[in-house]
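What follows is one structure encoded as structure tokens, with my remarks underneath.
The values are calculated or read from the model by the stated rules, or taken from the named source; none is laboratory data. Computed from a prediction, not measured in an experiment: that's the story for all the values here. In this analysis, Cβ positions are derived from the backbone assuming ideal geometry, glycine residues included, and neighbour counts consider all displayed protein chains. All accessible areas refer to the heavy atoms of the entire protein, side chains included, with ligands and DNA or RNA removed. Shrake-Rupley method; radii C 1.70, N 1.55, O 1.52, S 1.80 Å.
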Amino acid sequence: MSTTSGGVGKERGYTVLIVMLLVAIGFAAGDFFLLNQKNGEDRQAVALTTQVQVLSQQTAKFALESASGNINSFKELESTRNSIDSAVQRLIKGDPKTHLPAYSGDRVTSPSVAALSKAWGQLDADIGKILSNRELVLASSTEADTFSNQMPVLNSRMDEVANILQQRGGSTDQMLITSRQQLQADRMIRRVQEILQGGEGAQPAADGLARDAQLYGQVLDGLLNGNSDVGI
């Protein structure tokens with residue numbers, strides 16, 4: 001009896017050990033799954049942040065080209081903007097389809113995600129302004145190209161006028177005025193390019209172009225009809 005009791009006790013002991021071993025294996029498997037899952041989430045997050053960094057650099061290039069009137073760059077800028085926004089929103093809100101958690105709710109990553117969201121908000125607003133002015137920029141670029149192509153032709157005609165004045169014994173003042181017209185035409189072309197480049201120098205260039213164009217027109221009219229105000 002005692003032997004039987006001892007055998008049953010041992011079997012029960014083995015059973016308990018096996019159950020405990022199975023439970024331990026279960027916990028280990030669970031931890032392993034969670035660890036792999038966490039690594040997968042982190043890999044997704046790293047991939048998204050890398051994507052944002054790369055696309056942000058491309059955005060600067062497309063924005064400059066768009067401001068210069070490149071219609072294809074407008075399309076690339078819009079596509080890049082949408083890709084960045086998608087990546088940022090997935091980091092902020094998570095993605096149920098790929099089981100990516102919302103990093104904005106994580107105590108460790110929340111400050112960084114908030115800073116990313118703020119920076120992207122500012123950049124997105126600037127990109128939106130460029131895209132909303134697409135038609136205006138493209139029209140301005142076309143007009144600028146037309147202007148830049150026509151001014152050298154006009155300068156050539158002004159050179160012919162200077163030669164005629166010289167042949168007919170024109171005054172020194174007349175010769176000086178025609179020379180200034182040619183220089184002013186070159187300056188207007190440069191101002192147009194400065195406007196297209198944008199930045200802080202765009203507004204002064206636009207103001208200067210308006211003054212130059214007005215004076216150029218007055219002198220040109222004076223050469224045709226005479227103008228005592230400008231000495232013609």
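At-a-glance table
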read-out	value
Set 61/129; 75/97; 61/93; 61/118 screened for pairs whose C-alpha atoms are more than 24 Å apart	75/97; 61/93
At R0 = 25 Å, FRET efficiency that the Cβ-Cβ distance of residue 206 and residue 180 yields, to 0.05	0.70
Förster radius 25 Å - calculated FRET efficiency between residue 125 and residue 97 (Cβ-Cβ, nearest 0.05)	0.30
Full-stretch length increase - residue 136, residue 83 - with 0.36 nm per residue and alpha-carbon distance subtracted	16.6 nm
Rounded to the nearest 20 debye, dipole of segment 77-232 from Cβ charges on Lys, Arg, Asp, Glu	560 debye
Length gained when the stretch residue 159-residue 117 is fully extended (0.36 nm per residue, less Cα-Cα span)	9.3 nm
Burial order of peptide ranges 146-152, 105-111, 43-49 (average beta-carbon count within 10 Å, highest first)	43-49, 146-152, 105-111
Segment 60-110: equivalent-ellipsoid semi-axes (sqrt of 5 x gyration tensor eigenvalues, Cα, Å)	32, 12, 5
Total charge dipole magnitude, segment 69-138, about the Cα centre, Cβ charges on Lys, Arg, Asp, Glu only, Debye to nearest 20	160 debye
Calculated on alpha-carbon atoms, Rg and Dmax of segment 168-214 in Å	13.9, 47
1.4 Å probe accessible area per residue over segment 64-169, in Å²	63 Å²
Net charge over other residues, Cβ less than 14 angstrom from the Cβ of residue 127 (K, R count +1; D, E count -1)	-1
